[in-house]
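What follows is calculated from the coordinates using simple rules that are stated; it is not laboratory data. In this text the structure is predicted, and so the values were computed from the model without any measurement. Positions of Cβ are backbone-derived with ideal geometry, glycine not excepted, and every protein chain shown enters the neighbour counts.
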Amino acid sequence: MSARLQVEALLGHAVRHAIAIVLLIAGAHHAPVALAGALVLHLAAFAFTHELAHGALGLPRRLNELALSLAALPMLVAGHGMRALHLRHHARPLAADDLEGVGATMTLWRAVLAGPMNAAQYRTEAFRAGDNRAWLIAETMAAIALTVLALISRTTLGAAWVLVNVVLQLTASAWASNLPHRPPAHFVKIARHLEWTRSAVVASFLHHELHHRFPSLPLPAWESIGWMSRRNQENPA
């Protein structure tokens, strides 16, 4: 990976997290803003953890392992467990043991209904399949501790953060599995108009197939390849 691409990818993640932090600070006493900040933080952490899981940011191995653990905590999940099941998804997409891909095998509304059971199975299977039990135990205990601290704080931010994480985990089979693999045409059309935002959510609708073909490339590379591919289709030689 070129140094320029690495810096661009890391800067993009830093900007997403910074936006989330600004919203959370602004929402300290305003529930709607706090909820928006918690949502942005979860999605920023999801994108960052995803690229760390693939080693797509070019970090040294030990630093990548530590970053993987820390990056997943805003979502209250174990980063090493998430990596184990995500790499299984890439190795055997939509196979019988691909828990991450379950939502992509059904309609969107069935994926929503299946979400709570899928989330429970994901937790237990991530612990069983994780590639480092010590990391998994530490990450799980940290996530539990953060949840308890957020709840006993009795603050707007703490409640918003826990609520958003719970809702997104219970519906992940829809938004993180079904929609990226089976995006409705109108979603893709809207995403095309929002591509300038460099949003990881937008990229998941536009470039998911590219990610499966080149999983070790960071988000800016998907965007470049996708843009060049569309330009070649629109202007064939």
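Structural remarks
- Using the Cβ-Cβ distance between ILE25 and LEU66 with R0 set to 35 Å, the FRET efficiency from 1/(1 + (r/R0)^6) comes to roughly 0.85.
- Pairwise inverse Cα distances across region 22-109, averaged and inverted, put the Kirkwood hydrodynamic radius at 14.6 Å.
- Contact order normalised by residue count of the chain, Cα under 8 Å, 6+ apart, percent: 23 percent
- Where labels lie 7 Å past Cα in the beta-carbon direction, separation of VAL188 and SER216 in nm: 2.9 nm
- Three-way shape label, region 172-226, alpha-carbon gyration tensor, a/c 1.5: oblate
- Applying 1/(1 + (r/R0)^6) with r as the Cβ-Cβ distance of ALA14 and VAL201 and R0 = 25 angstrom yields a FRET efficiency of 0.90.
- Charges were assigned to the Cβ only: +1 to each Lys and Arg, -1 to each Asp and Glu. The resulting dipole of region 20-141 about its Cα centre is roughly 100 debye.
- Residue exposure sequence - MET75, MET141 - by fewest surrounding Cβ within 10 Å: MET141, MET75
- For the listed peptides 143-151, 28-36, 171-179, 198-206, a ranking on the average number of other beta carbons within 10 Å per residue, highest first, reads 171-179, 198-206, 28-36, 143-151.
- The chain: angle of helix 31-53 to the longest principal axis, Cα-based, in degrees nearest 10: 60 degrees
- Spacing of the modelled spin labels on VAL148 and ALA3, each 7 Å from Cα toward Cβ, amounts to 4.6 nm.
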